[in-house]
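Inspection log for the structure reproduced underneath, given as structure tokens.
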Amino acid sequence: MRIYVCVKQVPDTSGKVAVNPDGTLNRASMAAIINPDDMSAIEQALKLKDATGCQVTAVTMGPPPAEGMLREIIAMGADDGILISAREFGGSDTFATSQIIAAAIHKLGLSDEDMIFCGRQAIDGDTAQVGPQIAEKLEIPQVTYASVIKKSGNSILVKRMLEDGYMMIEVETPCLITCIKDKSIKPRYMTLNGIMECYSKPLMVLDYEALKDEPLIELDTIGLKGSPTNIFKSFTPPQKGVGIMLKGTDKEKVDDLVDRLKNKHVI
Ligand SMILES: Cc1cc2nc3c(=O)[nH]c(=O)nc-3n(C[C@H](O)[C@H](O)[C@H](O)COP(=O)(O)OP(=O)(O)OC[C@H]3O[C@@H](n4cnc5c(N)ncnc54)[C@H](O)[C@@H]3O)c2cc1C
């Protein structure tokens, strides 16, 4: 069994957000972190590796410096890394990103026991679209919002979170599961041994030449030019004024609020 974990390097949004003139994010000028939901996906995969001895492969599509992030994940316990990187892939929207990642996994092979783990959502694009789209491209079942993943016989048992509870789902492999950040999942740290060895572990780079003839790739729909979705403009919204805490009994607060809305001609 092999688990591909799709991991996105995202800008540390606690820092200053920088935007290029074409509306894409100026990632090189911002501190980069591993997408929080992807930390859960990594931990879920490493837990299954502890239990079954399966292979864990970290996969990312990004600029060459994203290799550093893959080495960190290998130092946490992953076996190897795949960096999908080419100028032609830059500025890809979710449709393009998912087909490129699906094509890379298809090229490396997805056997019957294998799985793909993704985070539910990236904190920059925030679309939660890439995981489900990869599953569609590879024509495999998908389960989203997973907080617990267990192997049970030949299938996988997933605790899927809902707004008001959860459901238990049994899914056959190969499948794709998107993971949420959950207090029950404590991502592990890199180990000293892991740090010492992470540069001796295999890391494959797949560029445009390596993927352009893959059947899952439609060359005219990738990158900034080909992507069906282009970011027209991205900007930091102006800070809103500070809120007002209404005081008094519920009735007094409601009366006060109605007066204020009337004064502002909102109602
Ligand atoms: C502010 C902003 C708004 C955007 N709006 C849109 C939009 O409306 N529509 C659109 O198509 N694109 C949009 N994009 C582009 C989009 O961010 C990229 O296509 C991105 O590669 C994937 O989408 P996402 O960030 O929403 O990821 P999500 O779909 O939220 O990511 C879900 C999971 O997929 C995996 N994943 C995502 N990207 C990668 C990667 N590069 N490498 C490995 N795994 C990955 C991770 O496991 C991640 O947790 C936007 C980008 C920005 C910065």
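Span-like helix criteria (full DSSP H runs; alpha carbon extent of at least 18 Å along the helix axis; mean Kyte-Doolittle hydropathy of at least 0.5) are satisfied in the chain by 94-108. Across the chain, C-alpha contacts under 8 Å between residues 6 or more apart give a mean separation that, scaled by the residue count, equals a relative contact order of 24 percent. For the chain, the 222 nm mean residue ellipticity estimated from helices alone, with every DSSP H stretch of n ≥ 4 adding -39500 (n - 2.57) and the total spread over all residues, rounds to -8500 deg cm²/dmol.
Can you figure out the FRET efficiency of Glu170 with Ser234, using R₀ = 45 Å and their beta-carbon distance, to the nearest 0.05? Write out the running numbers ahead of the final one.
On the way: r = 41 Å, r/R0 = 0.90.
In this case the efficiency is close to 0.65.
Counted residue by residue at 0.36 nm each, then reduced by the alpha carbon distance between them, the extension gain from Lys264 to Thr13 reaches 87.0 nm.
Using the Kirkwood radius over C-alpha pairs as Rh, can you work out the diffusion coefficient of the chain via Stokes-Einstein at 10 °C, viscosity 1.306 mPa s, in µm² per second?
Working: Rh = 20.3 Å.
Roughly 78 µm²/s, to the nearest whole number.
Along its principal axes, the stretch 180-230 has C-alpha extents of 44, 32, 19 angstrom, given from the largest down.
Leaving ligands, DNA and RNA out of it, report the carbon-plus-sulfur percent of the accessible area of the chain at a 1.4 Å probe.
About 56 percent, which is the carbon plus sulfur part of the accessible surface.
Taking only the C-alpha atoms of the stretch 162-267, Rg followed by Dmax gives 26.8, 69 Å. The accessible-area ordering, largest first, of the residues Tyr199, Tyr208, Tyr189 stands as Tyr189, Tyr199, Tyr208, per a 1.4 angstrom probe. Can you pick out the pairs among Lys107/Lys201; Lys8/Lys201; Lys8/Lys151; Lys8/Lys240 whose Cα atoms lie more than 22 Å from each other? Pairs exceeding 22 Å: Lys8/Lys151; Lys8/Lys240. Placing unit charges on each Cβ (+1 for Lys and Arg, -1 for Asp and Glu) gives the chain a dipole about its Cα centre, and among Thr173, Val158, Ile101 the Cα reaching farthest toward its positive end belongs to Val158.
Considering only protein heavy atoms, with the full assembly of protein chains and a 1.4 angstrom probe, order Thr173, Thr236, Thr60 by accessible area, largest first. Provide the component values of the computation, followed by the final result.
Values: Thr173 30, Thr236 100, Thr60 5 Å².
Most to least solvent-accessible, the answer reads Thr236, Thr173, Thr60.
Projecting the Cα positions of Val242, Phe232, Ile217 onto the charge dipole of the stretch 216-256 (unit charges on Cβ atoms of Lys, Arg, Asp and Glu, taken about the Cα centre) puts Val242 furthest along the positive direction.
For Thr127, what charge total do you get from the other residues with a beta carbon under 12 Å from its beta carbon, if Lys and Arg give +1 and Asp and Glu give -1?
Numbers: positive: Lys8, Arg120; negative: Asp93, Asp124, Asp126.
The answer is -1.
Within the chain, antiparallel bridges make up roughly 40 percent of the DSSP beta bridges whose residues both belong there. Full extension of the segment from Arg87 to Leu157, taken as 0.36 nm per residue of separation minus the current Cα-Cα distance, would add 21.3 nm.
Summing +1 for each Lys or Arg and -1 for each Asp or Glu, what net charge is found among the other residues whose Cβ lies under 14 Å from the Cβ of Gly153? Show your work: numbers first, answer last.
Values: positive: Lys150, Lys151; negative: Asp112, Glu113, Glu170, Glu172.
Residues near Gly153 contribute -2 overall.
Using bins of 10 Å that start at zero, the share of Cα-Cα pairs per bin across the stretch 1-140 amounts to 12, 44, 35, 8, 1, in whole %.
For the chain, the Cβ-based charge dipole about the Cα centre amounts to some 980 debye (Lys, Arg positive; Asp, Glu negative; other atoms uncharged).
The values are calculated or read from the model by the stated rules, or taken from the named source; none is laboratory data. The shown structure was predicted, so the numbers you read here are calculated from the model rather than taken from an experiment. No Cβ is skipped: glycine too gets one built from the backbone with ideal geometry, and neighbour counts run over all protein chains shown. What goes into the accessible areas is simple: the full protein's heavy atoms, side chains included, and nothing from ligands, DNA or RNA. Shrake-Rupley method; radii C 1.70, N 1.55, O 1.52, S 1.80 Å.
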